[in-house]
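The values are calculated or read from the model by the stated rules, or taken from the named source; none is laboratory data. Just so we're clear, the structure is a prediction, and the values are computed from it rather than from any experiment. For neighbour counting, all protein chains shown are included, and Cβ atoms are generated from backbone atoms with ideal geometry for every residue, glycine included.
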Amino acid sequence: MKNLIIVLFLIVANNIISQTISGKITATNGDEIPFANIYLKKTKSGTSSNEKGFYELKNIEKGTYILIVSSIGYQSKSLKITIKNNENLVKNITLSDDNSLDEIVISGTLRPVSKTASPVPVEVYSEAFFKKNPTPSVFESLQNVNGVRPQLNCNVCNTGDIHINGLEGPYTFVLIDGMPIVSGLSTVYGLTGIPQALIERVEVVKGPASTLFGSEAVGGIINIITKKPSNSPKLTTDTFVSSWGEVNTDLGLRYQLSEKAQGLLGVNYFNFQNRIDNNDDNFTDLTLQNRISLFNKINIERKSNKVFTIASRYVYEDRWGGELDWEREFRGSDIKYGESIYTNRWELFGTYQLPTTKNINFQFSTNGHYQDSFYGTDAYDAEQFIAFGQLVYNKQIKETHDILLGLAYRYTSYDDNTFATFEDDGITNKPSIIHLPGIFLQDEISLSKRKKLLLGVRWDHNSLHGNIFSPRINYKWNSRNNSNIFRASIGNGFRVANVFTEDHAALTGAREVEFDGDLDPETSWNANLNFVKKINTENSFITLDASAFYTYFDNRILPDYETDVNKIIYANLDGYSVSKGVSLNADVLFTNGLSFNVGTTLMDVSVTENNIKTRQLLTESFSGVWSVSYRFNNDLKLDYTGNLYGPMRLPLLGPNDLRDEYSPWYSIQNIQLSKKFSNSFEVYGGVKNLLNFTPAANSISRAFDPFDKQVDPNDPDALTFDPSYVYASNQGIRAFVGLRYTIF
């Protein structure tokens with residue numbers, strides 16, 4: 001009996017522990033994939049490949065299984081396998097690249113390339129990211145991007161710009177589908193009205209990109225990529241309302257124009273008409289707005305499969321802010337103070353690939369911006385027309401050189417009713433016309449499979465300021481499985497400033513504008529180090545992204561609010577300015593439905609003149625953002641987003657100004673619940689500004705006397721009306737509810 005038990009035990013043990021599964025995990029290019037996850041479905045048997053890509057599963061019972069193999073950056077693979085008694089099964093597995101985890105980007109190099117392969121660090125934010133905190137404009141939606149801060153510039157009309165790493169809005173270049181659309185006069189008023197239902201993703205490049213994009217791309221670029229008609233839903237609607245009375249509607253409609261032409265129509269409508277004054281300063285806390293935006297994009301199929309895309313946008317906006325009892329009849333008078341802006345704007349842009357055997361694209365954009373506005377009694381009427389075109393030739397040479405050659409031309413015509421466009425006699429009108437031809441060359445050199453060097457240079461000739469030269473160098477190294485990526489870059493940026501089109505404070509009339517000499521183009525040098533670490537575990541995907549940046553200006557143009565409190569003095573800096581800092585992003589995705597993104601940036605932005613170093617106005621030294629999401633099994637999702645900003649130095653009106661010199665630490669936090677009832681129907685709602693943070697009630701200086709009628713003109717230290725002391729919105733806590741409906 002004892003011997004029988006031993007025999008039975010040996011038979012059972014042999015059936016249980018004698019079988020193994022082993023092999024090697026490789027990519028399609030033959031590279032080993034270390035630390036891939038391998039497991040048998042519905043069992044507890046699992047392992048990871050070693051640094052050479054080898055794996056082994058031991059003690060496998062005989063039977064039929066589903067073998068699952070996964071690794072970050074690659075498409076997961078499922079295999080049905082059968083293992084017999086006493087079998088050591090060898091199964092080598094090849095995984096394909098997964099572009100869904102490694103998005104295709106164009107902003108860094110002007111050509112489609114995977115995010116991992118790009119020698120220029122590009123941050124990508126998907127449509128889903130912005131749905132976590134729905135907003136009525138792209139301007140507001142960027143508040144949860146690390147190192148990017150939407151900055152309000154006026155307490156009355158609530159216009160603003162976008163800061164990147166502490167550099168003001170004029171240094172940020174905003175593109176739509178890679179075309180320079182938002183610039184010049186529209187820097188302040190052109191950031192709204194882009195239908196978010198049509199946005200596929202937003203690409204952010206921090207640091208100078210003047211080599212490829214020319215003037216204004218000094219601090220970085222924000223490229224808004226819209227959806228393609230071919231892969232868009234037939235109908236997309238997204239509408240939400242807030243307890244403050246805001247109403248926002250986005251509509252996207254795909255249509256067939258002809259057998260070979262598909263179109264995508266987008267509409268955005270925003271309306272807010274409530275006069276709210278919670279801080280009791282007799283001024284509207286939030287500007288009243290009525291805005292409509294129409295967007296149309298057409299893709300035309302060609303026999304050669306070459307690209308032909310053309311798009312257009314029209315924006316009309318009527319906004320005003322001011323004293324609560326202001327009416328249209330007071331526009332431009334000194335009876336009641338109001339800032340009223342009518343904006344008409346049109347855009348046309350597209351890409352046409354030439355019908356040749358060579359890869360040559362013609363890209364073009366043109367836009368007209370018309371503004372009729374009053375800031376109290378000061379009228380500001382302006383008209384701007386910009387036309388841009390460039391030919392881009394791309395050629396691959398022996399798999400080691402990827403050449404990009406471009407010829408560009410930009411025409412800018414600007415006219416307004418200020419002294420900026422007068423002749424020297426101060427009477428004759430003289431519109432500003434600038435011709436800007438340029439040429440750029442870029443060579444992306446593959447030093448090896450894991451090393452790339454990008455060399456770029458650009459030459460432009462500004463018809464007013466002469467020749468401008470912009471070089472850059474980028475280097476990228478990545479580990480064998482792309483789990484470690486290092487990038488380094490250095491580049492030059494330049495910008496031709498136009499104060500009245502870019503700086504809202506010059507328009508308000510609260511201070512006299514003065515120019516100290518002719519304004520020369522600004523130049524800067526920037527260095528950036530970036531390291532990305534990807535960690536793949538059994539139940540999570542982790543990406544760590546760390547950067548260090550340094551930007552040096554030697555002739556920067558900064559508004560001087562402090563030499564004379566009644567003036568804004570513009571001049572090239574007689575000294576230098578430095579923006580330096582470090583940032584860290586952490587993206588973590590768990591397989592149980594929990595995900596979060598946390599980012600922080602530490603900065604030191606300073607101005608040194610006459611050997612005296614001061615902190616730049618309206619620039620924080622610390623910022624943090626976060627986004628935490630959890631998806632329940634019943635298609636219910638919870639999103640918690642927020643940001644935290646450190647103190648900023650604010651513009652005061654001299655020693656008698658009782659307002660605080662620095663803003664406090666503050667945080668804007670939001671929470672949202674969304675529920676999908678089907679693939680087509682989704683309801684969402686939540687609360688914005690949970691902590692109900694708003695700036696101090698006395699942020700507007702002498703709000704009771706906006707026309708300075710009670711100010712003694714002989715008193716040089718007298719305080720005056722000033723709405724430029726602003727760093728955050730006066731809009732407090734509010735609830736919102738929305739509905740999304742999609743037909744695929």
- Item | Selection status of G738, in contact (Cβ under 8 Å) with a residue 40 or more places away in the chain, closer than 22 Å to L324 by Cα and of a type outside the set (A, V, I, L, M) | no
- Evaluate segment 60-71: report whether one residue or more is under 30 Å from N482 (Cβ atoms), surrounded by 13 or more Cβ atoms within 10 Å (Cβ to Cβ) and at pLDDT below 85. yes
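If you check E444 against the conditions, is it assigned by TED's automatic domain parsing to the domain that holds D520, charged (D, E, K, R), outside any strand (DSSP E or B) and in contact (Cβ under 8 Å) with a residue 24 or more places away in the chain?
Numbers: assigned by TED's automatic domain parsing to the domain that holds D520: yes; charged (D, E, K, R): yes; outside any strand (DSSP E or B): no; in contact (Cβ under 8 Å) with a residue 24 or more places away in the chain: yes.
No: the conditions fail for E444.
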- Taking first residues from segment 465-494 that are at positive phi and second residues anywhere that are surrounded by 17 or more Cβ atoms within 10 Å (Cβ to Cβ) and not polar (S, T, N, Q), the pairs with Cβ under 6 Å that are 6 or more apart or on different chains are N482/G73
- Query: Among D587, D604, which is the only one that is in a strand (DSSP E or B) and under 21 Å from the mean Cα position of the chain (by Cα)?
  - Reply: D587
- Query: Considering only residues of segment 126-150 that are touching a Ser or Thr at 6+ places or on another chain (Cβ under 9 Å), in a strand (DSSP E or B) and not β-branched (V, I, T), which is modelled with the lowest pLDDT?
  - Reply: P150
- Message: Out of everything in segment 660-695 that is small (G, A, S) and either at pLDDT below 95 or in a loop (DSSP other than H, G, I, E, B) (or both), what residue ends up being farthest from A735 (Cα to Cα)?
- Response: S663
- Query: For segment 395-406, does any single residue satisfy the condition of being hydroxyl-bearing (S, T, Y) and assigned to a strand (DSSP E or B)?
  - Reply: no
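Suppose we filter V392, V315 for residues that are under 30 Å from I700 (Cβ atoms), of a type in the set (A, V, I, L, M, F, W, C), out of contact with any Cys (no Cβ under 9 Å at 6 or more places or on another chain) and in contact (Cβ under 8 Å) with a residue 60 or more places away in the chain; which single one remains?
Numbers: V392 fails: under 30 Å from I700 (Cβ atoms).
The match here is V315.
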- Item | Selection count where residues are farther than 25 Å from N539 by Cβ and out of contact with any helix residue (DSSP H, G or I) (no Cβ under 8 Å at 6 or more places or on another chain), scope segment 64-93 | 9
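Could you list, in sequence order, all residues of segment 315-335 that are part of a helix (DSSP H, G or I) and not basic (K, R)? Explain how you work it out, then say what you get.
First pass over segment 315-335, keeping only residues part of a helix (DSSP H, G or I): 328-330.
Listed by number, the residues that qualify are E329, F330.
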- Note on the structure: Within segment 502-546, of all residues that are within 26 Å of the chain's Cα centre (by Cα) and acidic (D, E), the one modelled with the highest pLDDT is D545
